[in-house]
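> One structure, pasted below without further comment.
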Amino acid sequence: MRKLALIFAVALASCTTAQGVEPIPGSITYGGQPRTKLTKSPVGSTFSHDFTMSDGRLALETYRIEPDRSLTLIDRRIVSDFPSDR
């Protein structure tokens, strides 16, 4: 029974509500929330935003619309234009 409680505690500790993706220059939410609100989009819906970073790489971001109409950055993928040797 102790083993089960320990497994449950570890599993629960791995759950987090904090988002690990921070805005960078070019992100919609960099410097705060945008002034305009997406009033016609359903709460909980997601959309993508793509931009070129200062070093020439492409950033592909995904945002979620929250109940208060603010945006949460939930994912970012960085794509390099350079071929990889791997």
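> Could you check how many residues of region 28-61 are over 16 Å from Ile78 (Cβ atoms), more than 15 Å from the chain's Cα centre (by Cα) and open to solvent by less than 70 Å² (accessible area, probe 1.4 Å)?
3
> Ok, one more. Find all pairs meeting these conditions: Cβ atoms under 6 angstrom apart; at least six residues apart or on different chains; first residue within region 46-63 and touching a residue at least 24 places away in the same chain (Cβ under 8 Å); second residue in a loop (DSSP other than H, G, I, E, B) and polar (S, T, N, Q).
As it stands, the answer is Arg57/Ser80, since those pairs meet every condition given.
The values are calculated or read from the model by the stated rules, or taken from the named source; none is laboratory data. What you are looking at is a predicted structure, and each value in this text was computed from that prediction instead of being measured. Cβ atoms come from the backbone with ideal geometry, glycine included; neighbour counts cover every protein chain shown. Note: accessible area is taken over every heavy atom of the protein model, side chains too, but ligands, DNA and RNA are not part of it. Shrake-Rupley method; radii C 1.70, N 1.55, O 1.52, S 1.80 Å.
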